[in-house]
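Presented below is the structure to which this report refers.
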């Protein structure tokens with residue numbers, strides 16, 4: 001078997017683990033794909049479906065950063081995970097998780113947590129659409145070139161580079177290496193239009209170990225919690241127009257790339273504290289907005305890839321099953337969380353800033 005062909009699908013599908021581990025019912029991935037695509041998607045399915053869970057230690061290196069970020073990661077399919085930063089000392093204790101339809105980001109050093117409950121449950125029958133969506137986005141927007149194999153965490157990993165076709169892309173290139181046996185990205189370097197590059201790789205990884213337990217986040221009593229529960233009744237259009245400030249600019253999937261068929265809005269406290277939840281069976285986009293106490297005083301979190309989008313500083317984080325982007329714009333602090341392609345998420349942020 002051609003080793004490069006073996007990872008054709010892994011390279012096109014695996015931006016982060018949610019896309020890589022959504023390989024179910026792939027026999028239905030026919031529209032907008034040719035026979036070669038479908039063959040390698042199914043080949044990837046056979047490899048990825050062997051993974052029930054894993055424990056790993058990851059290392060992230062930002063160009064120019066003095067110390068790498070070391071994290072412990074536990075993953076359980078289809079999309080549950082726990083991540084804790086253990087190094088450097090300034091970020092130690094930062095946690096992220098997704099389980100039981102609840103997303104949690106915990107800034108332990110600063111004793112603050114964001115908890116979002118009531119996300120739509122994973123539906124196995126539609127998981128192929130998640131794979132197909134990421135696959136087709138990569139195929140449309142990125143050229144692929146195969147590169148020599150290397151070893152990552154003592155495992156054979158074969159290489160593929162994805163290079164943006166459009167000069168307007170913020171993620172200009174992804175240099176990836178996928179596990180030969182499981183088709184999971186073991187190492188990836190994201191190169192941005194600003195010249196910044198962020199390299200993430202697994203220092204160690206153990207697949208399908210016995211007695212696996214997915215850790216949970218335990219918050220200290222003194223933790224300040226920002227919580228949203230999407231199980232609650234959403235605002236009607238009339239309520240939204242009356243209760244939510246018009247200063248908030250919501251993201252727009254203008255080309256309907258991700259087929260968000262549900263749009264729900266929530267508000268509490270003042271008119272500039274609000275959340276939007278756009279979702280389908282396959283993809284979600286959450287936007288949490290709040291007013292800056294004074295223009296420019298709301299500080300962005302310290303962890304993440306510092307980018308400049310439309311002359312606005314933003315922070316991009318990629319967790320095992322979703323990405324986040326945080327920014328301040330015209331007196332509003334925004335945090336977007338989504339499992340869509342991160343380049344598409346960045347494009348939506350550009351739309352907010354240009355509005």
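Where a number appears in this text, it was derived from the coordinates with a stated rule and is not lab data. What you see is a predicted model; the values in this text were computed from it and never measured. We place every Cβ from the backbone using ideal geometry, glycine too, and count neighbours over all the protein chains shown.
Things worth noting here:
- Ascending count of other beta-carbon atoms within 10 Å, so fewest first, for 198, 57: 57, 198
- With the simple spin-label model, which puts each label point 7 Å out from Cα in the Cβ direction, the residue 354 to residue 229 separation comes to 3.9 nm.
- Theoretical gain in end-to-end length, residue 270 to residue 208 [0.36 nm per residue, Cα-Cα removed]: 17.6 nm
- 53, 201, 110 arranged by Cβ crowding within 10 Å, fewest neighbours leading: 110, 53, 201
- Residue exposure sequence - 52, 281, 179 - by fewest surrounding Cβ within 10 Å: 52, 281, 179
- Förster radius 25 Å - calculated FRET efficiency between residue 100 and residue 50 (Cβ-Cβ, nearest 0.05): 0.50
- Overall form of segment 232-354 per C-alpha gyration tensor (a/c, 1.5; a/b vs b/c): oblate
- Cα pair count fraction exceeding 19 Å, expressed as % - segment 112-177: 58 percent
- Global geometry of segment 100-221, whether rounded, prolate or oblate, following the gyration tensor of its Cα atoms and the 1.5 cut on a/c: prolate
- Contour excess over end-to-end distance, with Cα ends at residue 112 and residue 199 and 0.36 nm allotted per residue: 28.6 nm
- Cα gyration tensor shape of segment 189-255, rounded if a/c is under 1.5, else prolate or oblate by comparing a/b with b/c: oblate
- FRET efficiency, 1/(1 + (r/R0)^6) with R0 45 Å, evaluated for residue 139 and residue 216 via beta carbons: 0.75
- Nearest-0.05 FRET efficiency for residue 254 and residue 63, computed from C-beta distance (R0 25 Å): 0.20
- The modelled label-to-label distance for the pair residue 238/residue 263, using points 7 Å beyond Cα in the direction of Cβ, is 1.9 nm.
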